[in-house]
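Before any comments, here is the structure.
The values are calculated or read from the model by the stated rules, or taken from the named source; none is laboratory data. This is a predicted model, so every value here is computed, not measured. FYI the Cβ positions are ideal-geometry reconstructions off the backbone, even for glycines, and counts take in every protein chain you see. SASA here: full protein model, heavy atoms, side chains in, ligands and nucleic acids out. Shrake-Rupley method; radii C 1.70, N 1.55, O 1.52, S 1.80 Å.
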Amino acid sequence: MIAGLALATSAGAGGCSTKSSSSGPSSYISTDDLMNPKNCATCHAEHFKQWSGSMHAYASDDPVFLAMNARAQRETKGGVGSFCVGCHAPLAVRTGATTDGLNLASLPASLKGVTCFFCHTADKVDGLHNDMIHLAGDDTLRAAIPDPAPNAVHRMGFSTLHDGERLDSSQLCGSCHDVQNQNGVDLERTYAEWKGSLFAHDTPGVKLSCSSCHMAGADGTAATIAGAPKRRVHDHTMAGVDVALTAFPEADTQRRLIQASLDQALVAKLCVKAGGAVDASLEAAFVGHAWPSGASHDRSAWVELIAYAGGQMVFQSGVVPDGKAVRQVTDPNLWLLREKLFDAQKMPVSFLWQAASSDPAQLPVAVTGDTKDPMFQRAVTRTFTVPANADRVTMRVQMRPMDFDTIDELVQSGDLDAALRGKLSTFTLASTVLEWKTANGIGCVP
């Protein structure tokens, strides 16, 4: 998943050096120093900067995570244990510093979030959900570099799990990005979705691992040390769709990268037929999984479609006021992409630990690249009926990584600060912004 890093020395350990250790492993910096991401910045300043603003770095500072975990522990009387914090602060769990995540505020930063040490000491994956990542325990920092430059700071090793050119590297991501709750409900399925896609096959020009998209490569040096060779190094912002709700480094960069990714994620088509029938079609052609993915029970993605006649609006669907949850809008025509959760009595619930079943609502992932295969076309179409005299129709898809109804429930239960409500983001996907006019004639745009 993460390529091109060989972690750096702490300030008191002599700085960056390519010199091999003459006195053996005992001269390498300590495990505690290796575990502190700030020590990586000495030799890996750019990678550290990118990671420092990532959702991996933010994972255990995220107030929504903290609120959900607090509520889950209370509602289950501690029954969820390390279920949430195991992925959000894995080193805190592995070192025994926490069992439930309720004491994260008192822990050192080196144990919080998904750190450099955690990913780069992984040597195998024992299961494909809920953080079944095995750490080697040998202080060897693994990466995709088969011939790392010798140094006096730490041990290094090559690992296929960290080589984004290899499909099996996606396991390292999948272990935390596929989540199954205590009731056996698969609530996040990003790795499983990718595994069933055309991208998960070893076909030249088609195969894409998780890091192929989320950790773009560029030529550079893996470490800022004298004589460091040029490598293929990888971006560590690892942007998805989530954004920090509190002050956090590199927030503008994260938002820009998220917007750029969303802008090209979908293929959209708007077709106007005789008599007022309008077909809106969406296809997740440029993502390696279903869309939206991840915690799709918290996300909202929806189609806004508006028809006009003589400059007056004559039909609307998916017009959502600022500050209002999409599911609270009364709209019989609403096309909403958001997973529903249900308890054992088939009643709707809001949170993943409460779910006994789920009803996903996503755009399917691409499964074949063969244009003659009937499964090639994976577009989903909804038909809207607008007045026959409509002379202009507009369409766009909007997306919220987290919607207001989830936030409001956490505020009402006393687990979250209401001020964070105003920090939620709504993105418009540029590729889905379409307009039809009578001058186009009966037919489709684009």
- Over region 375-446, the quotient of the Cα radius of gyration and 2.2 N^0.38 Å is 1.68
- Give me the distance in nm between label points sitting 7 Å out from Cα along the Cα-to-Cβ direction at ARG255 and LYS207, one decimal. 3.9 nm
- Query: So what does log10 I(q)/I(0) come out to for region 91-180 at q = 0.11, 0.13, 0.19, 0.26 Å⁻¹, using the Debye formula with one equal point on every Cα and no solvent?
  - Reply: -0.35, -0.49, -0.95, -1.33
- Item | Cα-based reach from LYS124 at 20 Å (exclusive), listing lysines while leaving out same-chain residues under 8 positions away | LYS195
- Compute the semi-axes of the equivalent ellipsoid of region 177-295, taking the square root of 5 times each eigenvalue of the Cα gyration tensor, and list them largest first in whole Å. 32, 20, 19
- In whole percent, what relative contact order does the chain give with Cα contacts below 8 Å and a gap of six or more residues? 16 percent
- Note on the structure: Expressed in angstrom, Rg and Dmax over the Cα atoms of region 83-136 are 10.7, 30
- Query: Averaged per residue, what accessible surface does region 394-446 expose to a 1.4 Å probe, in Å²?
  - Reply: 44 Å²
- Task: Provide the three semi-axes, in whole Å and in decreasing order, of the ellipsoid equivalent to the chain as defined by the square roots of 5 times the Cα gyration tensor eigenvalues.
- Result: 42, 26, 19
- Message: Run the numbers for ASN183 and THR330: contour at 0.36 nm per residue of separation, minus the present Cα-Cα distance, in nm.
- Response: 49.7 nm
- Task: Would you kindly give the portion of the calculated P(r) for region 154-194 that falls above 12 Å, as a percent of all Cα pairs?
- Result: 63 percent
- Note on the structure: The Rg/Rh figure for region 231-284, Cα atoms and Kirkwood Rh, to two decimals is 1.24
- Note on the structure: Other residues with Cβ under 15 Å from the Cβ of LEU172 give, with Lys and Arg +1 and Asp and Glu -1, a net charge of -3
- Message: Students sometimes get this wrong: rank SER170, SER110 by accessible area, probe 1.4 Å, all chains present, largest first.
- Response: SER110, SER170
- Computed over region 220-346, the relative contact order (Cα-Cα under 8 Å, seq sep at least six) in percent reads 14 percent
- Query: How about LYS423: which aspartates and glutamates have a C-alpha closer than 20 Å to its C-alpha, ignoring those fewer than 8 places off in the same chain?
  - Reply: ASP61, ASP62, ASP242, GLU250, ASP252, ASP298, ASP322, ASP403, ASP405, ASP408, GLU409, ASP415
- Query: Just the Cα atoms of region 260-411: what Rg and Dmax do they give in Å?
  - Reply: 17.1, 51
- region 36-191: Rg/Rh from Cα coordinates, Kirkwood Rh? 0.98
- Per the Kirkwood definition applied to all pairs of different Cα atoms, how many angstroms is the hydrodynamic radius of region 316-372? 14.1 Å
- In a Gaussian network model over the chain where Cα atoms closer than 10 Å are linked, find which of PRO150, PRO37, PRO401 has the largest mean-square fluctuation. PRO150
